[in-house]
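Reviewing the structure listed below.
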Amino acid sequence: MRRLRRLAHLVLFCPFSKGLQGRLPGLRVRCIFLAWLGIFAGSWLVYVHYSSYSERCRGHVCQVVICDQYRKGIISGSICQDLCELHMVEWRTCLSAAPAQQVYSGLWRDKDVTIKCGIEETLDLKARSDAAPRRELVLFDKPTRGTSIKEFREMTLSFLKANMGDLPSLPALVGQVLLMADFNKDNRVSLAEAKSVWALLQRNEFLLLLSLQEKEHASRLLGYCGDLYLTEGVPHGAWHAAALPPLLRPLLPPALQGALQQWLGPAWPWRAKIAIGLLEFVEELFHGSYGTFYMCETTLANVGYTATYDFKMADLQQVAPEATVRRFLQGRRCEHSADCTYGRDCRAPCDRLMRQCKGDLIQPNLAKVCALLRGYLLPGAPADLREELGTQLRTCTTLSGLASQVEAHHSLVLSHLKTLLWKKISNTKYS
């Protein structure tokens, strides 16, 4: 302990001997300068962190606006009374990545939940007294008074066709929307209920949650009020990347960051189980009941796992229906393939002769997921499995999004990967 104290004293106060001070008169000044520089840099990082936090985390604004609309009778929903009158929804940790989409962990009726709400129209609430009315006009403008239930049904079906394609299963999804709207089970849909559900449908993640409600790897929808909604509690971490504090990540070299993440993450067999769940989720997105969906931000930060290490998708914001992606790309002008990008990494080739984007994506979901799994599964993998696993993951990452390849070949590669991992962890406590 004495040695450590002396070392700390040396670093902070630079107490050099008289002989050393005589030989190096500028060293003490340099040490003091570096200390002040460190203090300045630390203060700047703290300032940036908290200013960013106050910009990103505005759950109180979201609740004020939603409850204002509820009290005016403009919106309705299954949790409105608990949120605005009984105050049974507890907002806890802010998880928002951007100001427009508020995400909080919370507690509702003794359940851990995730609270999500968009506040694009209300970010300048303090500066503009008309912010809440403008939100009412922009977001809760449809359907209008006098719309019949038949017209609302047709309106919802048209919206779903535009966003998900003309699928024979869509009428059943419309039925789900109407059942959700009638949360009080009085066999009628009021204007406030219709406005709320319509606003929710404009949220990409809500549409995906509704489409994937029967899938085990998507979070379950628990309730809503206006366009605010609750899902099951936040999965553990966002895989191992969440184990590092956000302020620490930019300061660490990539190699050290990877080593720390690997050390702080689950044991390899648990990682294998999580990876199998992710591969199953890729299967669920491919030719499901409501068409095909693309993962357009394939990062470890968007996924998580439960207490029993079952994979659970934490964020569906960047998962998009095939019809939406194709509509975005169709006829789009381009010079390079980078101009044909939907979201972060749903990229199509650019026809340089026609200067238009093509329809097929360069990389399918499976290839992008396998690229993630190479860095996640290979470090620490059992010696007798590492070579074969590496070979299969490399093969998987070379898959293309061409329609001629998608069907049988992708299914075969995915099946081989799942079988390889299951064989290693089956009949153990990890299965």
Review point. With every protein chain present, what accessible area does residue 117 have (1.4 Å probe, heavy atoms only), rounded to the nearest 10 Å²?
Key: 0
Point to revise | Carbon plus sulfur fraction of accessible area for the range 272-431, probe 1.4 Å, in percent | key: 50
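Mind ranking 192-203, 73-84, 155-166 by how tightly packed they are, going by the mean number of other C-beta atoms within 10 angstrom, highest first?
Taking the mean over residues of other Cβ atoms within 10 Å, the ranking is 192-203, 73-84, 155-166.
Based on the Cβ-Cβ distance of residue 391 and residue 153, what FRET efficiency does E = 1/(1 + (r/R0)^6) give at R0 = 45 Å, to the nearest 0.05?
E between residue 391 and residue 153, to the nearest 0.05, is 0.30.
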Check your understanding: Considering only protein heavy atoms, what is the solvent-accessible area of residue 335 at a probe of 1.4 Å, reported in Å² to the nearest 10?
Key -> 100
Check your understanding: To the nearest 10 Å², what's residue 216's accessible area with a 1.4 Å probe?
Key -> 120
Revision key, fill the gap. When every protein chain stays in place and a 1.4 Å probe is rolled, 145, 394 sorted by accessible area with the largest first are 145, 394
Review point. Within the accessible area of the range 146-229, what % is carbon and sulfur when the probe is 1.4 Å and the other protein chains stay in place?
Key: 52
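The values are calculated or read from the model by the stated rules, or taken from the named source; none is laboratory data. What you are looking at is a predicted structure, and each value in this text was computed from that prediction instead of being measured. Cβ sites come from the backbone with ideal geometry, for glycine too, and all protein chains shown count toward neighbours. Please note that ligands, DNA and RNA were not included when accessible areas were found on the heavy atoms of the full protein model with its side chains. Shrake-Rupley method; radii C 1.70, N 1.55, O 1.52, S 1.80 Å.
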